[in-house]
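*Asks:* Quick one: the structure is below, questions incoming.
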There are 2 protein chains.
Amino acid sequence: MITTDTNILIIGLGLIGGSYARGLSKKGYQVSAIDIDPDSIGYALEQGLIRAGSTEPDPALCEAADLIVFALYPTAMIDWVKEHQHLFRPGALLTDVAGVKCGVLDVIQGTLREDLEFIGSHPMAGREVYGVRNSDESIFKIANFIVTPTEKNTPQAIAVARQLGQLLDFHTVVELDPATHDEMIGFVSQLTHAIAVSLMTCNNDQNLQDYTGDSFRDLTRIARINEKMWSELFLLNRKVLIDQIDSFTAELGRMREMLCRQDRAALEEMFRHSTRRRALFDR
Amino acid sequence: MITTDTNILIIGLGLIGGSYARGLSKKGYQVSAIDIDPDSIGYALEQGLIRAGSTEPDPALCEAADLIVFALYPTAMIDWVKEHQHLFRPGALLTDVAGVKCGVLDVIQGTLREDLEFIGSHPMAGREVYGVRNSDESIFKIANFIVTPTEKNTPQAIAVARQLGQLLDFHTVVELDPATHDEMIGFVSQLTHAIAVSLMTCNNDQNLQDYTGDSFRDLTRIARINEKMWSELFLLNRKVLIDQIDSFTAELGRMREMLCRQDRAALEEMFRHSTRRRALFDR
């Protein structure tokens, strides 16, 4: 389990990696980091978010690590592991923060050295700003931390991943198998972003903002989107997302048919159903 | 123009009618009301929102009115005008609060007595609760008030409608022709509600709420919806709304194609476009 002697190495010191570093260091854990950006490492050292850092895959930092957290985009993480896994010492535990799991875990667990273990984690948190300078561990307080074990994982690794979520003060820490995780994320996160973006780009009228109320703003808030990260997440989970788009489009098409045949009773029933279902999601 | 001598009659004392009464009475204007619900009239009298009220189409109240505001659902308003317009005195000005205009104004202006005038208004405001007891004129402060003149309207009536929006402290008071209004509302309001409802009803998984983040909550907040009012508004504007659904569905389909052919460059360009466009809507 994680103790104050555990050497935690964060690879990728952006918003999420930085928030991990901030939260763990505040509680007295030993955190170091690797990031290609000298400014990020310099800032983190200066602010006491990390005890040591490097802009390269530093052999000493890697060799010393008991627990490695990859806070990189999924494809960058896959490349990093393939290229540099020889630097880790036997028995080290690796985890991540990626928003999709199946395509990522398959590849990494399939290429990992026998004497290392990789356990998937997904901190469901974020902000609309980026980088370690915007890091803030309080974003975890209302968020879910999802551990996604596979048959390759040991109970010890699962327990450490769960403990990490607890140390970071996530609202809830749960386990899901990777396929169920990706299915759920395809709906609650990816489909909502796909809808927001499409709503934002389907109409180029320059004057709409003058007449826009809160509902349009609510639906498009997440249409300001990090294009590199989200195109990667969408593509890694494309089969699930395409199915979710199809199911949503069919439902909107059902409403369209009610409008065509002027079926007021069916519309009212659909609105009552949506009202009842939305009530379940109120916090 | 409206003065403190103007006799203002509100027909339909729900959330919007009540908020008009509250805002106008606070500023010293003379307001009376008609509503079928005795509790609404009783509450409004007791709280000083109105000086006089009735649960029936009271001839004396109608005869005395200079300015009549219909705060009823569109079809109920059309029926009311047809049945009771003989009660108004020559020269009275009528207006409304309906969220769609073309189908409503055509019918009312087509059946109205020659010596009455009806000018369309749309206060773009609301809450997720109903009734005069929840009325609150402060909801107008951030909202748009849209006057929708037709060729049947006089400059005097347009000026009075604009003044009403100003007296109620709307953020902006603007004029749009009814067709442009309905086109705009079909996009910024009706399409967003259609999307939120469909997103809420396309997946019946009972466990989703455990994993739901802010983005899903944002997109479905308006899926709690007054089924009587919205089915009426949707059907009255169905041609516009069907076109908006088609345009949105085509855009989401375009994204789906990008996913099918794994076109990362196209996805990134779509996300950059949406990010740029969303920035225009920030307040």
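*Asks:* Only residues that are among the small types (Gly, Ala, Ser) and over 16 Å from A:Met124 (Cα atoms): list them for the range A:149-170, please.
*Replies:* Our first condition is that a residue be among the small types (Gly, Ala, Ser); within the range A:149-170, this holds for A:157, A:159, A:161, A:165.
Matches in the range A:149-170: A:Ala157, A:Ala159.
*Asks:* Could you go through the range A:74-85 and let me know if any residue there is part of a loop (DSSP other than H, G, I, E, B) and in contact with a strand residue (DSSP E or B) (Cβ under 7 Å, 6 or more places away or on another chain).
*Replies:* Filtering the range A:74-85 for residues part of a loop (DSSP other than H, G, I, E, B) gives none.
The answer is no, given that none of the residues of the range A:74-85 is part of a loop (DSSP other than H, G, I, E, B) and in contact with a strand residue (DSSP E or B) (Cβ under 7 Å, 6 or more places away or on another chain).
*Asks:* Among the residues in the range A:192-201, are any more than 29 Å from A:Asp243 (Cα to Cα), outside the structural domain of A:Ala125 (by TED's automatic domain parsing) and either among the polar types (S, T, N, Q) or modelled with pLDDT of 95 or more (or both)? Outline the logic, then answer.
*Replies:* Step one: filter the range A:192-201 for residues more than 29 Å from A:Asp243 (Cα to Cα), giving none.
No, the conditions are met nowhere in the range A:192-201.
*Asks:* Pull up the range A:138-150, narrow it to residues that are more than 10 Å from chain B (Cβ to nearest Cβ) and more than 15 Å from A:Thr95 (Cα to Cα), then point me to the one that is surrounded by the most Cβ atoms within 10 Å (Cβ to Cβ). Show your work before the answer.
*Replies:* We begin by selecting, within the range A:138-150, every residue more than 10 Å from chain B (Cβ to nearest Cβ); these are A:138-141, A:145, A:147-150.
Applying the additional criterion that residues be more than 15 Å from A:Thr95 (Cα to Cα) yields A:138-141.
Working: A:Ser138: 11, A:Ile139: 19, A:Phe140: 22, A:Lys141: 11.
So, considering only residues that are more than 10 Å from chain B (Cβ to nearest Cβ) and more than 15 Å from A:Thr95 (Cα to Cα), the one surrounded by the most Cβ atoms within 10 Å (Cβ to Cβ) is A:Phe140.
*Asks:* Here is a further query. Run down A:Ala44, A:Ala71, A:Ala92 and say which single residue is crowded, with 19+ Cβ neighbours inside 10 Å, touching a Leu at 6+ places or on another chain (Cβ under 9 Å) and within 30 Å of A:Arg238 (Cα to Cα). Let's see the steps before the verdict.
*Replies:* Details: A:Ala44 fails: within 30 Å of A:Arg238 (Cα to Cα); A:Ala92 fails: within 30 Å of A:Arg238 (Cα to Cα).
That would be A:Ala71, the only listed residue that is crowded, with 19+ Cβ neighbours inside 10 Å, touching a Leu at 6+ places or on another chain (Cβ under 9 Å) and within 30 Å of A:Arg238 (Cα to Cα).
*Asks:* Could we say that B:Gly53 is more than 23 Å from the chain's Cα centre (by Cα), in a loop (DSSP other than H, G, I, E, B) and of a type in the set (Gly, Ala, Ser) here?
*Replies:* On the way: more than 23 Å from the chain's Cα centre (by Cα): yes; in a loop (DSSP other than H, G, I, E, B): no; of a type in the set (Gly, Ala, Ser): yes.
Considered against the rule, which asks whether it is more than 23 Å from the chain's Cα centre (by Cα), in a loop (DSSP other than H, G, I, E, B) and of a type in the set (Gly, Ala, Ser), B:Gly53 comes out as no.
*Asks:* Any residue at all in the range A:231-239 that's in a helix (DSSP H, G or I), more than 30 Å from B:Glu268 (Cβ to Cβ) and within 7 Å of chain B (Cβ to nearest Cβ)?
*Replies:* No, the range A:231-239 contains no residue that is in a helix (DSSP H, G or I), more than 30 Å from B:Glu268 (Cβ to Cβ) and within 7 Å of chain B (Cβ to nearest Cβ).
*Asks:* Determine whether the range B:206-213 contains at least one residue that is more than 26 Å from A:Val129 (Cα to Cα), surrounded by fewer than 17 Cβ atoms within 10 Å (Cβ to Cβ) and facing chain A (nearest Cβ under 7 Å). I'd like the intermediate steps shown before the answer.
*Replies:* Within the range B:206-213, the first condition is being more than 26 Å from A:Val129 (Cα to Cα), and the residues that meet it are B:206-208.
Narrowing the set further to residues that are surrounded by fewer than 17 Cβ atoms within 10 Å (Cβ to Cβ) leaves B:206-208.
Going one step further and asking which of them are facing chain A (nearest Cβ under 7 Å), we end up with B:208.
Checked the range B:206-213: at least one residue is more than 26 Å from A:Val129 (Cα to Cα), surrounded by fewer than 17 Cβ atoms within 10 Å (Cβ to Cβ) and facing chain A (nearest Cβ under 7 Å).
*Asks:* Shifting gears a bit: Quick check: is even one residue across the range A:234-243 surrounded by fewer than 21 Cβ atoms within 10 Å (Cβ to Cβ), closer than 19 Å to B:His273 by Cα and at pLDDT 90 or above?
*Replies:* Checked the range A:234-243: at least one residue is surrounded by fewer than 21 Cβ atoms within 10 Å (Cβ to Cβ), closer than 19 Å to B:His273 by Cα and at pLDDT 90 or above.
*Asks:* Could I ask something else about it? B:Gln262: assigned to a loop (DSSP other than H, G, I, E, B), at pLDDT below 95 and either in the same structural domain as B:Thr192 (by TED's automatic domain parsing) or more than 22 Å from A:Leu236 (Cβ to Cβ) (or both), yes or no?
*Replies:* When the stated conditions are applied, B:Gln262 does not pass them.
*Asks:* If I ask for residues that are in a helix (DSSP H, G or I) and among the polar types (S, T, N, Q), which ones from the range B:208-227 would you list? So that I can check it myself, show each step before the final result.
*Replies:* Taking the range B:208-227 as the starting set, the residues that turn out to be in a helix (DSSP H, G or I) are B:208-211, B:214-223, B:227.
Within the range B:208-227, B:Gln209, B:Ser215, B:Thr220 qualify.
*Asks:* Still on this structure, I have one more. Quick one: is A:Gly17 touching an Asp or Glu at 6+ places or on another chain (Cβ under 8 Å), closer than 27 Å to A:Asn226 by Cβ and among the small types (Gly, Ala, Ser)? Quick ask: steps written out before the conclusion?
*Replies:* Values: touching an Asp or Glu at 6+ places or on another chain (Cβ under 8 Å): yes; closer than 27 Å to A:Asn226 by Cβ: yes; among the small types (Gly, Ala, Ser): yes.
So A:Gly17 fits the description; yes.
*Asks:* While we're on this one: Search the range B:156-200 for residues being within 7 Å of chain A (Cβ to nearest Cβ) and without any contact (Cβ under 8 Å) to a residue 12 or more places away in the chain, and hand back the single one that is farthest from B:Arg217 (Cα to Cα).
*Replies:* Checked the range B:156-200; the qualifying residue farthest from B:Arg217 (Cα to Cα) is B:Met184.
*Asks:* Next question. Identify the residue in the range A:240-275 that is at the interface with another protein chain (Cβ under 7 Å from one of its Cβ atoms) and of a type in the set (D, E, K, R) and, among all such residues, is nearest to A:Tyr73 (Cα to Cα).
*Replies:* The extreme case among them is A:Glu251.
*Asks:* Looking for whichever is among the hydrophobic types (A, V, I, L, M, F, W, C) and within 18 Å of B:Cys260 (Cβ to Cβ) here; the options are A:Leu233, A:Leu219, A:Leu252. Which one fits?
*Replies:* Values: A:Leu219 fails: within 18 Å of B:Cys260 (Cβ to Cβ); A:Leu252 fails: within 18 Å of B:Cys260 (Cβ to Cβ).
Step by step, each of A:Leu233, A:Leu219, A:Leu252 is checked, and only A:Leu233 is among the hydrophobic types (A, V, I, L, M, F, W, C) and within 18 Å of B:Cys260 (Cβ to Cβ).
*Asks:* From the list A:Arg224, A:Arg217, which residue is at the interface with another protein chain (Cβ under 9 Å from one of its Cβ atoms), out of contact with any Ser or Thr (no Cβ under 6 Å at 6 or more places or on another chain), crowded, with 17+ Cβ neighbours inside 10 Å and not β-branched (Val, Ile, Thr)?
*Replies:* Values: A:Arg224 fails: out of contact with any Ser or Thr (no Cβ under 6 Å at 6 or more places or on another chain).
Answer to the check: A:Arg217.
The values are calculated or read from the model by the stated rules, or taken from the named source; none is laboratory data. Fair warning: this is a prediction, and the values are worked out from it, not measured in the lab. Glycine also receives a Cβ, built like all others from the backbone with ideal geometry; neighbour counts cover every protein chain displayed.
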